[in-house]
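See below for the structure under consideration.
The values are calculated or read from the model by the stated rules, or taken from the named source; none is laboratory data. Small disclaimer: the values here were computed from a predicted structure and weren't measured. Glycine gets a Cβ as well: all are built from the backbone with ideal geometry, and neighbour counts include every protein chain shown.
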């Protein structure tokens with residue numbers, strides 16, 4: 001499968017995506033505008049809390065083309081963060097107390113300066129998260145030592161595995177992905193990742209493989225741990241459940257399968273004001289491959305930069321100016337505020 | 001206009017409205033219902049699969065829609081869901097067949 005971008009699909013135009021998302025609103029407000037729900041919850045305008053996480057999207061290049069990918073990443077995407085932009089991020093990071101740097105993509109490891117970046121962040125003493133798609137570890141011999149490299153720099157590995165069954169995983173992420181993911185998990189386990197007491201953290205990410213919301217994070221974690229241990233001898237630390245947001249290739253799936261309206265209604269009906277108060281954009285700054293600043297990775301993929309007068313590019317980074325901004329919201333934000341909430345760290349509301 | 005079927009999928013979302021005409025009993029039913037499906041000696045996922053099987057046994061299209069979605073949400077896969085349907089089929093089939101013993105008893109009683 002090619003990316004929307006390579007197929008010249010209308011959905012590759014983020015303006016088109018935003019029109020789809022706001023259409024129901026325009027046609028008589030059948031779906032309540034998200035801003036209205038936030039206002040009712042006393043959260044409008046949505047303001048940042050303390051900046052805890054800098055999330056760097058180091059490129060859209062990926063060895064996989066998952067059907068739900070909100071980045072529209074794939075082997076045909078060439079956008080990649082340069083070392084110069086990385087240096088700007090590091091300079092900004094050094095001037096702050098930001099605790100966590102969250103590296104994402106695409107497959108972040110495919111950026112030629114990825115290892116250099118990890119070494120630099122590690123030298124600054126910040127916690128590093130790498131959002132590893134697992135299969136990259138076994139995709140090419142040059143990546144086989146990634147588990148050791150991660151371990152050397154104290155990286156917390158967060159990896160997508162949609163399901164403990166091969167069929168459900170492959171349906172979302174491509175034929176053979178489950179088997180390759182299991183091989184990669186074994187390599188991570190072999191250097192201590194996910195093993196209790198090792199201090200090497202391996203979390204798995206569960207995205208529903210279809211037009212439904214994630215169930216209880218605790219219950220799914222229990223099932224995943226039991227099945228992966230029993231059937232594959234694999235261990236991990238935590239399972240993070242993430243709701244699929246109705247953008248990019250998941251939006252394509254929703255529209256093509258006829259599930260768009262019912263899925264949106266499901267999200268709207270499940271709006272949770274407690275989850276809305278805990279959204280990750282309040283404590284995260286998202287930086288695009290070209291250094292542009294966004295409130296979250298989803299806004300980034302919809303070309304919705306941080307609101308002016310906050311700085312728009314990492315070269316102009318100012319924590320004070322950014323902390324005064326109003327976070328940009330839209331109908332897609334229902335995805336992060338439904339049910340137990342959804343963030344890059346999983347559910348945001350305790351069950 | 002005449003409906004094509006007695007069942008309308010949109011009616012599932014109106015299930016809660018049954019409390020309008022008998023709120024006390026309706027509310028008690030929903031409170032009980034919520035309690036039944038909580039994690040207990042059985043997990044929520046196991047209860048959802050039981051509900052899916054029962055939905056097929058009682059042939060309730062609303063319940064089949066609801067518990068297919070719910071089973072997926074709770075992490076069940078297609079193999080588990082189809083096995084649940086087979087459990088329902090086995091019990092329904094078995095229930096019909098076991099009455100064959102009654103038929104045989106009666107036939108033996110009547111026949112020479």
Checklist entry - If you go through the stretch A:241-248 one residue at a time, do you hit one that is assigned to a helix (DSSP H, G or I) and either at pLDDT 95 or above or more than 22 Å from the chain's Cα centre (by Cα) (or both)? => result yes
Next on the checklist: Suppose the filter is surrounded by 18 or more Cβ atoms within 10 Å (Cβ to Cβ), touching a helix residue (DSSP H, G or I) at 6+ places or on another chain (Cβ under 7 Å) and not in a loop (DSSP other than H, G, I, E, B); does residue A:147 pass it?
Outcome noted: yes
Checklist entry - Right, residue A:172: assigned to a helix (DSSP H, G or I) and within 23 Å of the chain's Cα centre (by Cα) or not? => result yes
Item to check | Set B:46, B:78, B:35, B:83: member being under 30 Å from residue A:162 (Cα atoms), at pLDDT 95 or above and within 11 Å of chain A (Cβ to nearest Cβ) | outcome: B:46
Checklist entry - Of all helices (runs of 4 or more DSSP H) completely enclosed by the stretch B:1-80, which ones contain at least 1 residues that are farther than 25 Å from residue A:210 by Cα and under 16 Å from the mean Cα position of the chain (by Cα)? => result B:23-36, B:44-57
Checklist entry - When the stretch B:30-46 is examined, which residues are found to be farther than 29 Å from residue B:79 by Cβ and in contact with a helix residue (DSSP H, G or I) (Cβ under 8 Å, 6 or more places away or on another chain)? => result B:30
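A quick yes/no check of all residues on (1) within 17 Å of the chain's Cα centre (by Cα); (2) buried (at least 17 other Cβ atoms within 10 Å of the Cβ):
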residue	(1), (2)
A:8	no, no
A:17	no, yes
A:58	yes, yes
A:72	yes, yes
A:76	no, no
A:100	yes, yes
Next on the checklist: When the residues of the stretch A:195-207 are narrowed to those that are crowded, with 22+ Cβ neighbours inside 10 Å and without any contact (Cβ under 8 Å) to a residue 60 or more places away in the chain, which ends up nearest to the other protein chains (Cβ to nearest Cβ)?
Outcome noted: A:206
Checklist outcome for this item: Checked the stretch A:208-235 for anything touching a helix residue (DSSP H, G or I) at 6+ places or on another chain (Cβ under 7 Å) and either more than 13 Å from chain B (Cβ to nearest Cβ) or on the phi > 0 side of the Ramachandran plot (or both); matches are A:210, A:232, A:234, A:235
Next on the checklist: I'd like to check something: does the stretch B:92-102 contain any residue that is away from chain A (no Cβ under 14 Å), within 13 Å of the chain's Cα centre (by Cα) and surrounded by 16 or more Cβ atoms within 10 Å (Cβ to Cβ)?
Outcome noted: no
Next on the checklist: Is it the case, given these coordinates, that residue A:151 is more than 14 Å from every other protein chain (Cβ to nearest Cβ) and out of contact with any strand residue (DSSP E or B) (no Cβ under 8 Å at 6 or more places or on another chain)?
Outcome noted: yes
Checklist outcome for this item: Within the stretch A:73-94, residues assigned to a helix (DSSP H, G or I), in contact with a strand residue (DSSP E or B) (Cβ under 7 Å, 6 or more places away or on another chain) and without any contact (Cβ under 8 Å) to a residue 40 or more places away in the chain come out as A:93
Checklist entry - Among (1) within 14 Å of chain B (Cβ to nearest Cβ); (2) buried (at least 20 other Cβ atoms within 10 Å of the Cβ); (3) more than 18 Å from the chain's Cα centre (by Cα); (4) touching a residue at least 24 places away in the same chain (Cβ under 8 Å), which single condition is residue A:261 missing? => result (2)
Checklist entry - Among the residues of the stretch A:154-169, which ones are within 14 Å of chain B (Cβ to nearest Cβ), over 19 Å from the mean Cα position of the chain (by Cα) and not in a helix (DSSP H, G or I)? => result A:164, A:165
